[in-house]
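Notes to accompany the following structure.
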Amino acid sequence: MDYSAKCDSLDTVTANCAILGFHQKRKLTSAGSALDDHLGGLISKLLKRDDIEGKVGDILLINHVPDGDIERILLVGLGKKGELGPAAYRKALTTAAKLLKDSGAKLAVSLLHEPEVEGRDLGWKVRQAVEILEGSLYKFTRLKNDADDKPQRLSKLQFLLDSEDQLAEAKLGIRQGQAIANGMNIAKDLANLPGNLCTPTYLAEQAEQMGKSRKIKVRILDESDLEELNMGAFLSVSKGSEQPAKLIVMEYSGASSKAKPFVLIGKGLTFDAGGISLKPAANMDEMKYDMCGGASVIGTLSAVAELELPLNVVGLVPASENLPDGRANKPGDIVKSMSGLSIEILNTDAEGRLLLCDTLTYAKKYEPAAVVDVATLTGACIVALGRHPSGLWSNNEDLAAAVLKAGEASWDRVWRMPLWEEYQELLKSNFADVANIGGPDGGSITAACFLSRFAKEFPWAHVDIAGTAWKSGSEKGATGRPVPLLVQYLVDQAK
Ligand code: BES
Ligand code: MN
Ligand code: ZN
């Protein structure tokens, strides 16, 4: 898709479709009223005929506009004037995107940024429009022979502005929106690919390829490297799999080598069967998504490089499978982590933290400005928060505030959870320094507490994306989250 912004108005442009907002009850915006007058009241007549009031989600496609340079008009309900919030705005954009992509239009012009959205500026509105349209154009059909793959007709979207001084802001919105959407698509493609195809080796190869096209230095550590580093916790998980583990290291240098890097860590379990603590069969296929953290770190690095942010950013993706096998971890096994702490593995299905703890220790060598890990870590996080926000834990107030703010700004929201000392007691082991599970209470919190033991030397945030990284049911598929969150956080740090 080609996106652009220009100063122009509806009576001078030519387009296959014009997208316009309207408010309850049937209140057109200024551009809408002008067009309505020009068309002899056609728009207001049709809204009235079909009794479309303008509630959020209401929509009307006028598919044939007689004689004119605008062939179609897509009218999008935005609720009561002056009451439009970001969530409702995104809902309206989503509805509009669905109809637009199937409308047959090739070139569309949009005025959906015209109405006020509470607390949001033009750049935000444009960026959300790009992200949402790109999201609705996304398809994962490469493994289907009979995908009814009509080529996509829609190819160009222009945002029409009324003054020159809006241009820079709109263009930045487009640029950021496209970089984020591209990063999300990379994350979605990797995540939707099944475990037999997306193995740790495949993930590493994809990261290497992306590094070439995007000027990111990529190194892959294999199992012998991990052994040399004494990553006993990480390696204990991959022992039970035929697929060799990889630690993917991506380094983007956008600032002087003296600037401390931001380190992103993404859990990369290309399939999590639970190991000897085997998961139940129902929905186990969805554990191909247990590498969504890793995929979103790869997608984020791509976006950061596309935006040429003046920062140093490191992406670390520990990748492995977790399967039952004669060589797999057994409940009660004790392993030694790279940090020296011994870990009693009471449940082999709590494997993500075993990869992450050694990767956190590895991150120390970068003397990071901050470390953010993203992981589909616990089902308990979904129980606690549902599927709208990701869970956030942090050992640093400034970092926590920055991540919360980035979540609000990008609308890829997080909700902070406690990391109190009292919870740490639940991780006591009779035989090792720490147990890998904390019992039935507060499972997402004790998982974060476990990680915190390996993140004492830098500002650190942990984002549990178990409820947000993919959708189940008829809409099953990766969401591309938390790429928007991570990119926004880094954009903010670059200011
Ligand atoms: N990858 C899972 C977490 C998960 C489960 C994410 C379901 C999304 C949906 C993780 O490795 C895991 O199995 N966690 C266990 C931890 C438990 C054994 C303490 C869980 O959540 O059940
Ligand atoms: Mn597991
Ligand atoms: Zn897992």
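The values are calculated or read from the model by the stated rules, or taken from the named source; none is laboratory data. The model shown is predicted, which means the values in this text are computed figures rather than measured ones. Positions of Cβ are generated from backbone atoms using ideal geometry, with glycine treated the same way; all protein chains shown enter the neighbour counts. In case anyone asks, the SASA skips ligands and DNA or RNA and just uses the protein heavy atoms, side chains included. Shrake-Rupley method; radii C 1.70, N 1.55, O 1.52, S 1.80 Å.
Some values worked out for this structure:
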| item | result |
| --- | --- |
| Quarter of the Cα convex hull surface for the stretch 232-294, i.e. its orientation-mean projected area (nm²) | 5.9 |
| For the stretch 375-495, convex hull volume per residue from C-alpha positions, Å³ | 107 |
| Nearest-10 value in Å² for the accessible area of residue 475, using the 1.4 Å probe | 120 |
| Relative contact order of the chain, pairs being alpha-carbon contacts under 8 Å that are 6 or more residues apart, as % | 14 |
| Helix-only CD estimate at 222 nm, as mean residue ellipticity for the chain, using -39500 (n - 2.57) per DSSP H run (n ≥ 4) | -11000 deg cm²/dmol |
| Fully extended contour minus Cα-Cα distance, from residue 182 to residue 283, at 0.36 nm per residue | 33.5 nm |
| Calculated P(r) tail over 21 Å for the stretch 172-253, as whole % of Cα pairs | 41 |
| Amide N proximity, the stretch 271-310 versus residue 143 label position 7 Å along Cα-to-Cβ, cut-off under 16 Å | 271-273, 283-292 |
| The stretch 373-483 - percent relative contact order, Cα under 8 Å, separation 6 or more | 40 |
| Accessible area per residue in Å² at 1.4 Å probe, computed on the stretch 44-170 | 52 |
| Spherically averaged projected area of the stretch 2-137 from its Cα convex hull (nm²) | 7.4 |
| Spacing of the two label points (7 Å from each Cα toward its C-beta) at residue 34 and residue 222, in nm | 6.4 |
| ³J(HN,Hα) computed for each position of the stretch 208-220 - Karplus, 6.51 cos²θ - 1.76 cosθ + 1.60, integer Hz, glycine/proline x | 4, 5, 4, x, 5, 6, 10, 6, 10, 7, 10, 10, 10 |
| Carbon plus sulfur fraction of accessible area for the chain, probe 1.4 Å, in percent | 49 |
| Accessible area per residue in Å² at 1.4 Å probe, computed on the stretch 353-478 | 41 |
| Long pairs among 106/476; 45/80; 246/365; 91/171; 364/476; 215/456, criterion Cα-Cα beyond 26 Å | 106/476; 364/476; 215/456 |
| Separation in nanometres of the label points that stand 7 Å from Cα toward Cβ, at residue 163 and residue 99 | 3.1 |
| Options 35, 128, 173, ranked by Cα towards positive dipole end of the chain, top entry (Cβ charges) | 35 |
| Computed over the chain, Kirkwood Rh from alpha-carbon pairs, angstrom | 23.8 |
| Point-charge dipole on Cβ atoms (K/R +1, D/E -1) for the chain, about Cα centre, debye to 20 | 560 |
| The stretch 387-495: chymotrypsin sites (Phe, Trp or Tyr not before Pro) in DSSP loop, at most 16 other beta carbons within 10 Å | 420, 431 |
| Ordering of 227-234, 298-305, 310-317, 64-71 by burial proxy (mean other Cβ atoms within 10 Å per residue, highest first) | 298-305, 310-317, 227-234, 64-71 |
